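Presented below is the structure to which this report refers.
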Amino acid sequence: MIIAAAFQASPQQSPLPGGDSARGARLYKRVCAACHSLEANRVGPMHRGVVGRPVASVEGFRYSAALSAQSFVWDEITLNKWLENPPGMVPGTAMGIRVRLAKDRADIIAYLRQEAGQPAP
């Protein structure tokens with residue numbers, strides 16, 4: 001199953017409420033850091049530069065077959081959808097943690113953008 005363009009947003013539109021990167025850093029530490037790091041592959045792949053990166057493309061990380069079969073780019077829409085319900089977006093993925101609140105997802109995405117040196121859209 002390929003998800004591709006269905007989750008892509010135009011650069012002029014942001015599907016998320018404005019994110020607070022400082023709050024996102026705290027959420028990232030609490031929710032994501034058990035499995036992920038900005039700089040190194042752990043249980044999950046590294047996150048530095050994830051915004052704008054093709055799915056399943058981090059060198060040295062072994063992705064699930066389900067995620068490896070995808071062909072989309074991580075942008076605000078795909079990250080939001082992913083954080084909301086990873087197995088709903090890509091059935092068979094190993095990622096099972098969900099971030100239920102839209103504001104929390106927006107804040108985490110704002111933090112990931114900031115850490116990559118990317119301005120908010």
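The values are calculated or read from the model by the stated rules, or taken from the named source; none is laboratory data. Everything quoted here is computed from the prediction, not taken from an experiment. Cβ: placed from backbone, ideal geometry, glycine included. Neighbour counts: every protein chain shown. Heads up: the accessible areas ignore ligands, DNA and RNA and are worked out on the full protein's heavy atoms, side chains in. Shrake-Rupley method; radii C 1.70, N 1.55, O 1.52, S 1.80 Å.
May I ask you to verify whether SER71 is farther than 18 Å from LEU112 by Cα, touching a residue at least 60 places away in the same chain (Cβ under 8 Å) and over 13 Å from the mean Cα position of the chain (by Cα)?
Here the answer is yes, as SER71 does meet what is asked.
Do you know which of the residues in the stretch 111-121 that are assigned to a helix (DSSP H, G or I) and at pLDDT below 95 is least open to solvent (accessible area, probe 1.4 Å)?
Of the stretch 111-121, the ones assigned to a helix (DSSP H, G or I) are 111-115.
Remaining after also requiring at pLDDT below 95: 113-115.
Values: ARG113: 37, GLN114: 94, GLU115: 56 Å².
Per the criteria, the residue is ARG113.
Sort through GLU59, GLU84 and tell me the only one that's without any contact (Cβ under 8 Å) to a residue 24 or more places away in the chain and under 11 Å from the mean Cα position of the chain (by Cα).
Values: GLU59 fails: under 11 Å from the mean Cα position of the chain (by Cα).
Only one candidate passes the filter, namely GLU84.
List the helices (runs of 4 or more DSSP H) that sit entirely inside the stretch 1-96 and contain at least 1 residues that are at pLDDT 95 or above, surrounded by 12 or more Cβ atoms within 10 Å (Cβ to Cβ) and touching a Phe, Trp or Tyr at 6+ places or on another chain (Cβ under 8 Å).
Numbers: elements: 21-27, 65-68, 76-84, 86-89.
Helices (runs of 4 or more DSSP H) meeting the threshold: 21-27, 76-84, 86-89.
Could you please find all residues in the stretch 82-111 being polar (S, T, N, Q) and touching a Lys or Arg at 6+ places or on another chain (Cβ under 9 Å)?
ASN85
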